[in-house]
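Undergrad: Sharing a structure, written as structure tokens. Questions coming.
The values are calculated or read from the model by the stated rules, or taken from the named source; none is laboratory data. Being a predicted model, the structure only gives us computed values, none of them experimental. Glycine also receives a Cβ, built like all others from the backbone with ideal geometry; neighbour counts cover every protein chain displayed.
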Amino acid sequence: MWPSTTLLGIFIQNTAPMCWIFLALLVRQQFLNESSYHAVLQPVIRDLRYLEETGMTVLRNVGIQSFKGKLVSLSADNLSAHAIGGFQQHFHAGRV
């Protein structure tokens, strides 16, 4: 029997479990109207760069271990995803 894989062909046992997926930022639209995506995302991007370049050191039972991280996915609704990507933000219902 073939092992279970995802669409990318990665073995499921090698993927991150849901317990390792965290919410990094949740912002109300009203705050974005008063500010900008740049101002809101700047602290998160700064922290992600630090985690990617420097990482963090953790004291464990087996000794000191260093970990680095990286943002691999962004989840957003259509309007927010288009705003972050700099695309058109006007959606119309009906036929195209």
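Undergrad: Of all the residues that make up the stretch 59-80, how many are hydrophobic (A, V, I, L, M, F, W, C), under 19 Å from I21 (Cα atoms) and at pLDDT 85 or above? If you could, list the steps in order and put the result at the bottom.
TA: Keep residues of the stretch 59-80 that are hydrophobic (A, V, I, L, M, F, W, C), which gives 59, 62, 64, 67, 71-72, 74, 76, 79.
From what is left, the residues that are under 19 Å from I21 (Cα atoms) are 67, 71-72, 74, 76.
Within this subset, residues satisfying the condition of being at pLDDT 85 or above are 67.
Residues meeting the conditions: 1.
Undergrad: In the stretch 53-90, what residues are touching a helix residue (DSSP H, G or I) at 6+ places or on another chain (Cβ under 6 Å) and loosely packed, with under 10 Cβ neighbours inside 10 Å?
TA: Listed by number, the list holds a single entry, K70.
Undergrad: Here is a further query. A93 - would you say it is surrounded by 10 or more Cβ atoms within 10 Å (Cβ to Cβ) and modelled with pLDDT under 85? Break it down into steps so the answer makes sense when it comes.
TA: On the way: surrounded by 10 or more Cβ atoms within 10 Å (Cβ to Cβ): no; modelled with pLDDT under 85: yes.
It is false that A93 is surrounded by 10 or more Cβ atoms within 10 Å (Cβ to Cβ) and modelled with pLDDT under 85.
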